[in-house]
Structures are given as C-alpha cells and as structure tokens.
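Worksheet: one structure, shown below.
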Amino acid sequence: MDDEQLWLVERTYTDKGLISLVYATTDGEQSLHKQRSMNMLQQGADVTAATEADPDDLESVEDPETRERYAAEATKMADQHDPDEAV
C-alpha cells in the first residue's frame with residue numbers, strides 16, 4: 001500500500017522540552033502524532049509542512065469538530081507550502 005501524505009495541523013510545546021506535532025490528511029479523517037525534542041530542533045532538524053506515513057500507522061479522527069479543523073488546516077498548508085518546506 002502506498003504511503004499517505006499528511007500536512008502539519010497542530011504544534012504544541014510541552015513542559016518537558018518536547019514539541020508535539022500533529023499531521024493530518026486534507027479531509028481531516030486521519031492523523032499522525034509525532035514528538036520531537038526542542039534540542040533536536042535547535043540542532044537543525046526541521047519540522048516540515050508535510051510528511052508521509054504508512055496508512056496502518058494513522059489514527060482515525062473521531063471528533064467531528066477536530067476533523068473539520070484538521071481538514072481546514074491541512075488544506076491551507078497544502079495550498080501554501082511545498083511538502084518538504086520547513087515551517
């Protein structure tokens with residue numbers, strides 16, 4: 001099965017020095033959660049506008065409001081950024 005492209009829809013900072021990233025499909029139906037350390041990002045690792053993931057690794061977005069918000073944000077990111085662009 002081909003990888004699914006997901007777009008950055010949410011970035012939150014934790015009190016433990018981590019950044020939580022949420023990528024979602026443009027329909028908002030599926031999401032992928034990643035965590036990165038602030039140190040890693042300060043050393044040059046970029047957060048990109050999009051990522052690709054195996055569909056088996058994705059989570060369904062059950063909440064209709066969250067799904068709608070993810071769809072809007074993912075679509076906006078896809079319209080405004082190249083997938084590999086640092087954001």
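The values are calculated or read from the model by the stated rules, or taken from the named source; none is laboratory data. A quick note: this is a predicted structure, and the numbers were derived from the prediction, not measured. These accessible areas exclude ligands, DNA and RNA; they are computed on the full protein's heavy atoms, side chains included. Shrake-Rupley method; radii C 1.70, N 1.55, O 1.52, S 1.80 Å.
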Between Asp57 and Asp15, what length in nm is gained on full extension when 0.36 nm per residue of separation is reduced by their alpha carbon distance? 12.5 nm
Contact order normalised by length for the chain, with contacts defined as Cα pairs under 8 Å and 6 or more residues apart; what percent is it? 37 percent
Among Ser60, Ser37, what's the order by accessible area (1.4 angstrom probe), most exposed first? Ser60, Ser37
Expressed in nm to one decimal, what extension gain is obtained for the pair Asp82 and Arg69 from 0.36 nm per residue of sequence separation less their Cα-Cα distance? 2.6 nm
Taking the convex hull of the Cα atoms, report for the chain its projected area averaged over all directions, in nm². 5.9 nm²
For Tyr70, solvent-accessible area (1.4 Å; no DNA, RNA or ligand), Å²: 20 Å²
Using the alpha-carbon atoms, what tilt in degrees (0 to 90, nearest 10) does helix 64-80 show relative to the longest principal axis of the chain? 70 degrees
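In square angstrom, what is the accessible area per residue of the chain with a 1.4 angstrom probe?
64 Å²
In the chain, what percent of the accessible surface is made up of carbon and sulfur (1.4 Å probe, ligands and nucleic acids excluded)?
For the chain, the apolar C and S fraction of the accessible surface comes to 40 percent.
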